[in-house]
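Undergrad: What follows is a structure written as structure tokens; I'll ask about it next.
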2 protein chains.
Amino acid sequence: MLDDRKAAILRAVVEEYIETAQPVGSQHVARSRGVQASSATVRNEMSVLERDGYLVQPHTSAGRIPTDKGYRFFVDSLHGWGAGQLNPGQRAEVKSFFTKAHGELEHMLSETSQLLSRLTDHTAVVIAPPHEAATIRSVQIVALGGRTALVVAVLSNGSVEKRTLELPVLDDGTPVGDAVVTAASTRLAGYLTGRTVAQLGEVPSTGEVTVDALLATSVRALTGGHDEEGGSVFVGGASRMANAFDAVATVRQVLGILEEQFVVVTLLRDLLDRGLTVAIGADEHGLTPLAGCSVLVAPVRGADGQTGTIGILGPTRMNYPQALAAVAVVSQRLGRRIEEG
Amino acid sequence: MLDDRKAAILRAVVEEYIETAQPVGSQHVARSRGVQASSATVRNEMSVLERDGYLVQPHTSAGRIPTDKGYRFFVDSLHGWGAGQLNPGQRAEVKSFFTKAHGELEHMLSETSQLLSRLTDHTAVVIAPPHEAATIRSVQIVALGGRTALVVAVLSNGSVEKRTLELPVLDDGTPVGDAVVTAASTRLAGYLTGRTVAQLGEVPSTGEVTVDALLATSVRALTGGHDEEGGSVFVGGASRMANAFDAVATVRQVLGILEEQFVVVTLLRDLLDRGLTVAIGADEHGLTPLAGCSVLVAPVRGADGQTGTIGILGPTRMNYPQALAAVAVVSQRLGRRIEEG
DNA sequence: ACCTGGCACTCGGTAGGATCGAGTGCCAAT
DNA sequence: ATTGGCACTCGATCCTACCGAGTGCCAGGT
């Protein structure tokens, strides 16, 4: 809907503004390659682009700045015409990272968020794949002392779920004994092993009323206690947020959001559901405190069709080609890595 | 070493500066209760305090600002003469927090860091007690698929340690079978249950060479893989750092440090070892990037004589009485809470 | 000997005014 | 339709003046 020249001009403005953070004037645009026109022509075109909402002037007789709509056009036009590449150094960094990577999944994801943050120079978020579809390899109930016990489940994807619970008390006020706990534990293991977390149902009665009570509590703890949303979010390079804005109040606000893991998870999930890879400004991602920010997101397809999520958060004025490339590469390689185990 | 009047004046300057963040002039001090002298006298005294390094002038003919040494005197004099109290609202908040608190230890610690941050309006840090002294309640080895397996240990304090490991391969290139894994698992359980994490030694040979190999790997994984330092640090209210300074560069630097969990842990542990509760400025805590920051720390004595740590990080210009009170109360109640289980 | 009122002095911060220059909008010529 | 030219705008920068909070010091009073 924009003719070629307008598109070229808009692209030039965005590119220059991303680089310099200064309002861009017609002369700069005219001089930039990709635009064949005099500054006067550019001026005319730019005033149209402003009328149509792609650009704004901070004040009369200053250069122009892209609006969110302007950025949107930019990234859309990017999608068609070959997205950016990482530079060789970064490519090497990614490669060496993923060949070296090993050990705990959580640890690796945390490191990955830092990698992504380093690559883009923005804050990165990594969310572990949910393990609803993972099968249970082992469950047990362990008495801790006093009235408390722990249900521990080991899943096929290598993660461990644990829940605290209170042991049922007998009529005389003392908690149930070790015998009951081990009985329940083996029963639980026999019944749940091999199932997925999603399909935990009731465990059939054993006849022993205390054992049944403990079993019920355990299953409830395992299914219910999904604080989940919080446990598996890794934020890397939050301090880089302070580079993006020079108003300390803005930084404060954004960091505040990042601390609310639930909000972050919801945000990324929501964007993925809507099929977006990049959300520019509050209009698109819907979080007013993050006005002036863009969110970039990609699914991480691992084993079992389960998908994790990675994303980055930066100012709307960010290097989209580079960031998109980084997210794409990392999501791909991370997915492959997870698949391998 | 400071006569009464000088001490009173210094205190007045610190208090006013903490409140207003503006250089304090002699008139304000003279008017403040606790100081009985004319502004001229105060001026004379203040110039002495400056000569002795307790105060500085940002520029000639401006008020005075406390130096780190000035703050140090202030908090020392505080220690003697009844430290501050939390206001009733805060008291109530703490109380309700700890009566409501339940569930996973990690989750509670994380929430605690947020509580402490809310109370003080600064960034708070909570470090879980190490579990070197906790005894092992249950260990098992779970094969995951392919060559990888997981060693999972449940400790008496309710935490769960897990380590990934690669299964040994047989001569024909396939990993050891389930029989070997279960054999090793039961053997490991029988031998380690009841011991503390600190005193894991070799497991005596079984005669079966593959089982022995797996056992050795498992024990090594459990003792070695102490990434530990990272896993148990909870930072709450990092965004509040942005309130403390108005130079975005400073914020950036401090946040950078907070992201390096190892540094944070080392810092707090070091301070505790040196018997400090409050470290003012880079000279005392030793981290140049945290110039202009004070660190406040307290041990959390839980069960088994094991101690966790809580602390807060804020600008040197912080409300010490209030912050000290908050840290003291939270450390005490958290300790009690952990003891209970 | 110490305190205190008074006074001259300093110097950061704010307000007004001039200047500069990058940038715009518009118009007439190509 | 494009472009060179021109008048105009307006933020940024610099200078100056001025105000006021604050200081240092001195001389007089207790």
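The values are calculated or read from the model by the stated rules, or taken from the named source; none is laboratory data. What you see is a predicted model, and the numbers here were worked out from it, not measured in a lab. FYI the Cβ positions are ideal-geometry reconstructions off the backbone, even for glycines, and counts take in every protein chain you see.
Undergrad: How many residues are surrounded by fewer than 21 Cβ atoms within 10 Å (Cβ to Cβ), away from chain A (no Cβ under 14 Å) and either without any contact (Cβ under 8 Å) to a residue 40 or more places away in the chain or more than 21 Å from B:Gln261 (Cα to Cα) (or both) if we restrict to segment B:297-341?
TA: 14
Undergrad: Please enumerate the residues belonging to segment B:273-289 that are of a type in the set (A, V, I, L, M) and either within 13 Å of chain A (Cβ to nearest Cβ) or in contact with a strand residue (DSSP E or B) (Cβ under 6 Å, 6 or more places away or on another chain) (or both).
TA: Of segment B:273-289, the ones of a type in the set (A, V, I, L, M) are B:276, B:278-280, B:282, B:287.
The answer is B:Val278, B:Ala279, B:Ile280.
Undergrad: Is it fair to say B:Val251 is surrounded by 20 or more Cβ atoms within 10 Å (Cβ to Cβ) and free of Cβ contacts under 8 Å to residues at least 24 places away in the same chain?
TA: Details: surrounded by 20 or more Cβ atoms within 10 Å (Cβ to Cβ): yes; free of Cβ contacts under 8 Å to residues at least 24 places away in the same chain: yes.
So B:Val251 passes the test.
Undergrad: With the requirement that a residue be modelled with pLDDT of 95 or more and more than 10 Å from DNA strand C (Cβ to nearest atom), what does segment B:29-43 give you?
TA: Selection gives B:Val29 alone.
Undergrad: Among the candidates A:Val251, A:Val181, A:Val235, single out the residue that is within 12 Å of chain B (Cβ to nearest Cβ) and in contact with a Phe, Trp or Tyr (Cβ under 7 Å, 6 or more places away or on another chain).
TA: Details: A:Val181 fails: in contact with a Phe, Trp or Tyr (Cβ under 7 Å, 6 or more places away or on another chain); A:Val235 fails: in contact with a Phe, Trp or Tyr (Cβ under 7 Å, 6 or more places away or on another chain).
Only one candidate passes the filter, namely A:Val251.
Undergrad: Among the numbered criteria (1) over 36 Å from the mean Cα position of the chain (by Cα); (2) over 23 Å from B:Ala244 (Cα atoms), which one does B:Gly34 miss?
TA: Exception for B:Gly34: condition (1).
Undergrad: Can you confirm whether A:Glu202 is away from chain B (no Cβ under 11 Å), closer than 23 Å to B:Met108 by Cα, modelled with pLDDT under 85 and in contact with a helix residue (DSSP H, G or I) (Cβ under 8 Å, 6 or more places away or on another chain)?
TA: no
Undergrad: Where in segment B:1-100 are the helices (runs of 4 or more DSSP H), entirely inside, with at least 3 residues that are more than 14 Å from chain A (Cβ to nearest Cβ) and more than 13 Å from DNA strand D (Cβ to nearest atom)? Outline the logic, then answer.
TA: Working: elements: B:4-20, B:26-31, B:39-51, B:68-80, B:88-100.
Once the helices (runs of 4 or more DSSP H) in segment B:1-100 are filtered for at least 3 residues that are more than 14 Å from chain A (Cβ to nearest Cβ) and more than 13 Å from DNA strand D (Cβ to nearest atom), what remains is B:4-20, B:68-80, B:88-100.
Undergrad: Can you tell me which residues in segment A:147-177 are outside any strand (DSSP E or B), surrounded by fewer than 20 Cβ atoms within 10 Å (Cβ to Cβ) and away from every other protein chain (no Cβ under 11 Å)?
TA: Correct list: A:Pro168, A:Leu170, A:Asp171, A:Asp172, A:Gly173, A:Thr174, A:Gly177.
Residues are listed down the side, and each one gets a yes or a no for (1) under 22 Å from the mean Cα position of the chain (by Cα); (2) among the acidic types (Asp, Glu); (3) part of a loop (DSSP other than H, G, I, E, B):
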{"site": "A:Ala189", "(1), (2), (3)": "no, no, no"}
{"site": "A:Glu202", "(1), (2), (3)": "no, yes, yes"}
{"site": "A:Thr206", "(1), (2), (3)": "no, no, yes"}
{"site": "A:Val211", "(1), (2), (3)": "no, no, no"}
{"site": "A:Ser218", "(1), (2), (3)": "no, no, no"}
{"site": "A:Thr223", "(1), (2), (3)": "no, no, no"}
{"site": "A:Phe234", "(1), (2), (3)": "yes, no, no"}
{"site": "A:Ser239", "(1), (2), (3)": "yes, no, no"}
{"site": "A:Asn243", "(1), (2), (3)": "yes, no, no"}
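Undergrad: Name the single residue that is surrounded by the most Cβ atoms within 10 Å (Cβ to Cβ) among those in segment B:53-78 being more than 21 Å from the chain's Cα centre (by Cα) and within 29 Å of B:Gly308 (Cβ to Cβ). Full working, then the answer.
TA: Here is the first cut: in segment B:53-78, the ones more than 21 Å from the chain's Cα centre (by Cα) are B:53-71, B:73-74, B:76-78.
With within 29 Å of B:Gly308 (Cβ to Cβ) added as a condition, the list becomes B:68, B:71, B:74, B:76, B:78.
Values: B:Asp68: 19, B:Tyr71: 24, B:Phe74: 21, B:Asp76: 10, B:Leu78: 17.
Per the stated criteria, the residue is B:Tyr71.
Undergrad: Among (1) surrounded by fewer than 20 Cβ atoms within 10 Å (Cβ to Cβ); (2) among the aliphatic types (A, V, I, L, M); (3) touching a Lys or Arg at 6+ places or on another chain (Cβ under 9 Å), which single condition is B:Ala291 missing?
TA: The single condition B:Ala291 does not satisfy is (3).
Undergrad: Would you say B:Thr112 is more than 14 Å from chain A (Cβ to nearest Cβ), away from DNA strand D (no atom under 16 Å from the Cβ) and crowded, with 21+ Cβ neighbours inside 10 Å? Walk me through how you get there before you give the answer.
TA: Numbers: more than 14 Å from chain A (Cβ to nearest Cβ): yes; away from DNA strand D (no atom under 16 Å from the Cβ): yes; crowded, with 21+ Cβ neighbours inside 10 Å: yes.
The answer is yes for B:Thr112.
Undergrad: Something else about it: Among the residues in segment A:139-146, are any surrounded by fewer than 22 Cβ atoms within 10 Å (Cβ to Cβ) and either within 24 Å of B:Gly256 (Cα to Cα) or touching a residue at least 60 places away in the same chain (Cβ under 8 Å) (or both)?
TA: For segment A:139-146, residues surrounded by fewer than 22 Cβ atoms within 10 Å (Cβ to Cβ) and either within 24 Å of B:Gly256 (Cα to Cα) or touching a residue at least 60 places away in the same chain (Cβ under 8 Å) (or both): absent.
Undergrad: Inspect segment A:76-92 for any residue being out of contact with any Asp or Glu (no Cβ under 7 Å at 6 or more places or on another chain), within 16 Å of DNA strand C (Cβ to nearest atom) and within 27 Å of A:Ala282 (Cβ to Cβ) and give the result as yes or no. It would help to see each step written out before you state the result.
TA: Kept after step one, since they are out of contact with any Asp or Glu (no Cβ under 7 Å at 6 or more places or on another chain), are these residues of segment A:76-92: A:76-92.
With the extra rule that they be within 16 Å of DNA strand C (Cβ to nearest atom), the set shrinks to none.
Checking segment A:76-92: not a single residue is out of contact with any Asp or Glu (no Cβ under 7 Å at 6 or more places or on another chain), within 16 Å of DNA strand C (Cβ to nearest atom) and within 27 Å of A:Ala282 (Cβ to Cβ).
Undergrad: When you scan segment A:116-146, how many residues do you find that are within 12 Å of chain B (Cβ to nearest Cβ), among the β-branched types (Val, Ile, Thr) and out of contact with any Lys or Arg (no Cβ under 9 Å at 6 or more places or on another chain)?
TA: The qualifying residues number 2.
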